[in-house]
Amino acid sequence: MSMLLGKMLTESKVAVAKAKGAGEARYAWGCYGEVNIQPTETRNLFLFTFSNAEIRDKIWRDRPWSLSNTLTAIERYNGRGKPEDVAIEKMATWVQIHGLHQNQRNEENMVTIGSSYFLGLLDLDRASLEYTGYRRFLRILVEVDIREPVPTGFDFPFLDESSGVEHCEVIDFKYERLVELCYFCGRIGHNWPTCRRMNEERKKNSVAYLSEVYTATLKAGVDSPHRSSASQSRNREEGCIEGVKRLEAAGRRRGVEQQGEPKNTPWFHNPEG
């Protein structure tokens, strides 16, 4: 049999009920072929059975998927053992990369970022290299670890050639179709009022504060003032240096070739350099 497992990353009972009753997957995947949907004993976990392996493989390749307006992590399943025992720990998602300078907008840097900050790089949206204006961002398809806080971006030192002063620029990640994100722990699939980690923090210290890092600005389409604007453009040298070390180390671990980049782009490939 040809099967997949899908875990809806939500705490909404309404969304799960819609997926069960209204056949959201049948609606989304009807053009591929016949699909049978069964809820499992685990909340939010569904078993999808297909008439043949070709349909299953097409749906697997066309990730990410959203059911009832909820991101759904898809995993292969061979029918051995209980579906509830299969660990679903990662999810494919499109990520937008905001803040790169024009001379840093290239495929090499898309590959470096995707393979350094995420579990894996699945695809590049090469058309995004031509984006201009408010759509001036790059898009990469990656796998994220849904057990951990989502990566938010990174800092890098940038030399202002006109003044000779080194500043810290901020590169932001934004996640497409992201609905439920905890503004306390930074994980996908729940909101802060029901966050287990936040409740544990409250028990320890009687109070728990929302994060200044995990905010609605991580959702694609939610705009915010650029974090490196004049009011916030502090030269965070230690953070920049650590950012360089992390990315260089990640590159070495994954075999990413380090180029001899110019001073103002310490790890990015600059074809004009």
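The values are calculated or read from the model by the stated rules, or taken from the named source; none is laboratory data. Given the structure is predicted, the values throughout are model-derived calculations rather than measurements. A quick note on method: Cβ atoms are made from the backbone with ideal geometry, for glycine too, and the neighbour counts reach across all protein chains shown.
Here are some notes:
- Contact map, region 204-217: first residue farther than 24 Å from ARG177 by Cβ and in contact (Cβ under 8 Å) with a residue 12 or more places away in the chain, second residue surrounded by 10 or more Cβ atoms within 10 Å (Cβ to Cβ) and of a type outside the set (A, V, I, L, M), Cβ cut-off under 6 Å, separation 6 or more or different chains; pairs are ALA208/GLU201; ALA208/ARG202.
- Selection from region 138-152 of residues that are assigned to a strand (DSSP E or B) and surrounded by fewer than 20 Cβ atoms within 10 Å (Cβ to Cβ): LEU141, GLU143, ASP145
- Among the residues listed as VAL207, VAL165, VAL179, the single one being closer than 22 Å to PRO64 by Cα and of a type in the set (Val, Ile, Thr): VAL179
- Residue in region 168-189 that is outside the structural domain of GLU75 (by TED's automatic domain parsing), small (Gly, Ala, Ser) and free of Cβ contacts under 8 Å to residues at least 40 places away in the same chain present: yes
- Residues satisfying the stated conditions in region 119-137, i.e. surrounded by fewer than 15 Cβ atoms within 10 Å (Cβ to Cβ) and over 16 Å from GLU176 (Cα atoms): GLY120, ARG126, ALA127, LEU129, GLU130, THR132, GLY133
- From ARG56, ARG76, residue being outside the structural domain of GLU148 (by TED's automatic domain parsing) and surrounded by 19 or more Cβ atoms within 10 Å (Cβ to Cβ): ARG56
- Pick from region 90-118, criterion outside any strand (DSSP E or B) and of a type in the set (D, E, K, R), ranking: surrounded by the most Cβ atoms within 10 Å (Cβ to Cβ): ARG105
- Of all the criteria given as (1) within 20 Å of GLU148 (Cα to Cα); (2) at pLDDT 90 or above; (3) touching a strand residue (DSSP E or B) at 6+ places or on another chain (Cβ under 8 Å), the one not satisfied by ARG76 is (1).
- Of everything in region 26-48 that is among the charged types (D, E, K, R) and in contact (Cβ under 8 Å) with a residue 12 or more places away in the chain, the residue that is nearest to THR70 (Cα to Cα) is ARG43.
- Only one of the numbered conditions (1) surrounded by 14 or more Cβ atoms within 10 Å (Cβ to Cβ); (2) of a type in the set (Gly, Ala, Ser); (3) in a loop (DSSP other than H, G, I, E, B) is violated by ALA87, and that is (1).
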